[in-house]
Amino acid sequence: MVDSERAWRDALYGPAGFFTRGEVPADHFRTAPLVGPELAEALLELLDRVDAALGRPARLDFVDVGAGGGELAASVRSLASGSLAARLVVTAVDVGPARSLPGVRWARELPAPVHGLLVGHEWLDAVPCPLVTGPSDDPWLARWWPLRAGERAEVGAPRDAAWADAVGRVARGAALAVDYGHLRADRAAGRYASGTFAAYRGGRRVEPVFDGSCDLTAHVALDACAAAAGGDWVLVSQRDALGALGLVGAVDPAAADWLAAAGRASRIAELRAEGGLGSFGWLLHGVGVPVADLLPPLPPWRP
Ligand SMILES: C[S@@+](CC[C@H](N)C(=O)[O-])C[C@H]1O[C@@H](n2cnc3c(N)ncnc32)[C@H](O)[C@@H]1O
């Protein structure tokens, strides 16, 4: 293991690591599950499409990998209704301390086999990887992030392996990674020549230190993750995916509770904002289910 990867891993996941000791995103940065219930609503719509494609089985899994405080898993659990609610098994997976959430199982390890939908929401950006300065003869960089002398990069191989493992745990259904990231063409063109490694603490970007005092993160090479996991997949923007799942966010002027409708519309606008959460990538793999049954054709992701 390269030293920078080990330092990053120890800082987040060592005995006194940032996430090991139970720090949650809510205290340090804003993620889409913290905006409101709307992301969970959209994922329930996606889960319903998976459910239909699987023939509405007796048991349906929703697995939230890298669950943090478990907000997404808890929302999906509480919003599920009808026959789906009775058949749904919600599992939150995180290496941090287990949280007690009604109707949600907590696990430290990814389960298998999964029949349903596995989601990694802002999980892969928290998977440590080697930090390098070019030139480098690393084979992952040669394929995915050609480096000129002095340019910095993160070697995405550990994320590729983590995602391939997660997708491999889905027996039938779908796996979705949602994250900020980049594409090979932009990396090769030098758009990320300083790398994307960054640290956050208490809502602010701070100088990265490997002492467990801050979250350490880097953008995800989602195209490389897609290739590593393989199969039938699409990579689209969160903005487009949410629209295709029915989250469009217009305020109905005739709504009985106009203020509540306006609040919901503004949360949806935040989730779909270009240059913000809407520019996150949605990497969706179908396993035994064609991706075309889950999302209509959408433009390819342009971060
Ligand atoms: C950036 S946080 C995202 C939390 C949440 N999904 C959200 O979007 O608000 C990343 C989470 O992934 C967890 N994590 C990282 N590697 C993991 C692994 N191999 N297994 C389970 N959880 C992991 C961390 O402990 C952390 O809680």
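Tabulated results
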| item | result |
| --- | --- |
| Residue match in the stretch 16-23 (condition: touching an Asp or Glu at 6+ places or on another chain (Cβ under 7 Å), touching a residue at least 24 places away in the same chain (Cβ under 8 Å), within 16 Å of the ligand (Cβ to nearest atom) and not in a loop (DSSP other than H, G, I, E, B)) | no |
| Per-region count, the stretch 29-46, residues more than 9 Å from the ligand (Cβ to nearest atom) and assigned to a loop (DSSP other than H, G, I, E, B) | 2 |
| Test set (1) more than 17 Å from the chain's Cα centre (by Cα); (2) buried (at least 16 other Cβ atoms within 10 Å of the Cβ); (3) over 19 Å from Pro303 (Cα atoms); (4) not hydroxyl-bearing (Ser, Thr, Tyr) - Ala153 fails condition number | (3) |
| The stretch 115-145, residues that are closer than 30 Å to Leu84 by Cβ, out of contact with any Asp or Glu (no Cβ under 6 Å at 6 or more places or on another chain) and small (Gly, Ala, Ser) | Gly120, Ala126 |
| Residue in the stretch 55-109 that is farthest from the ligand (Cβ to nearest atom), counting only those that are part of a strand (DSSP E or B) and open to solvent by 30 Å² or more (accessible area, probe 1.4 Å) | Arg105 |
| Residues being without any contact (Cβ under 8 Å) to a residue 12 or more places away in the chain and either of a type in the set (S, T, N, Q) or open to solvent by less than 40 Å² (accessible area, probe 1.4 Å) (or both) - total across the stretch 184-207 | 1 |
| Pick from the stretch 110-142, criterion open to solvent by 30 Å² or more (accessible area, probe 1.4 Å) and out of contact with any strand residue (DSSP E or B) (no Cβ under 9 Å at 6 or more places or on another chain), ranking: nearest to the ligand (Cβ to nearest atom) | Pro139 |
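The values are calculated or read from the model by the stated rules, or taken from the named source; none is laboratory data. If you're wondering where the values come from, they're calculated on a predicted model, not measured in any experiment. Cβ coordinates were reconstructed from backbone atoms using ideal geometry, including for glycine residues, and neighbour counts include every protein chain displayed. Surface accessibility is based on the protein's heavy atoms, side chains included, excluding ligands, DNA and RNA. Shrake-Rupley method; radii C 1.70, N 1.55, O 1.52, S 1.80 Å.
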